[in-house]
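No value in this document is a laboratory result; all are computed from the given coordinates. Everything numeric here is computed off the predicted structure, so don't read it as measured data. Cβ atoms come from the backbone with ideal geometry, glycine included; neighbour counts cover every protein chain shown.
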Amino acid sequence: MKQAALTLSTFLLFTTSGTKGRTKKEVQGIDLSEHNMKIIPDQPTSKDEIKLIVYNDYTHNVLSEIDRRGRTIVIQKQFNSMLKRPFVIQNDTIVIGQLPKGTYTVSYKLVDLSTQVADPNVLSFSFCLPVSE
């Protein structure tokens with residue numbers, strides 16, 4: 001039991017290290033460095049294929065949803081801390097795709113599917129994504 005608690009604590013420490021103790025935050029602009037993420041290209045246009053790069057992500061954080069409705073984009077990844085998988089770090093590329101000119105609100109969520117956690121939302125924040133013509 002101590003090993004499981006230590007493993008989960010270590011995972012949460014690394015996963016939420018950029019949140020500075022907060023699980024929900026509004027991030028202005030595209031500076032996502034405190035979340036170990038980056039939008040590519042830096043200043044996207046309507047002709048670009050837009051991608052979200054997640055640095056130092058874990059292989060067991062699986063993309064479960066990309067939902068675009070109007071000017072809102074929801075990106076959700078999930079994992080199950082009960083599975084006790086090893087922590088293998090990787091960079092992940094999430095393709096958002098081409099977007100028409102405008103300003104979009106992107107919500108990123110990391111959810112723990114374990115039935116043993118009180119709050120399944122490990123990380124949740126939003127940021128503005130301006131797309132020029």
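Efficiency by 1/(1 + (r/R0)^6): what FRET value for ARG85 and ASP48, r their Cβ-Cβ distance, R0 = 30 Å, to the nearest 0.05? Efficiency computed from Cβ-Cβ geometry: 0.30.
Magnitude of the Cβ-charge dipole of the range 57-99, K/R +1 and D/E -1, about the Cα centre, nearest 20 debye?
Values: 6 positive and 4 negative charges, 21 e Å.
Here the size comes out at about 100 debye.
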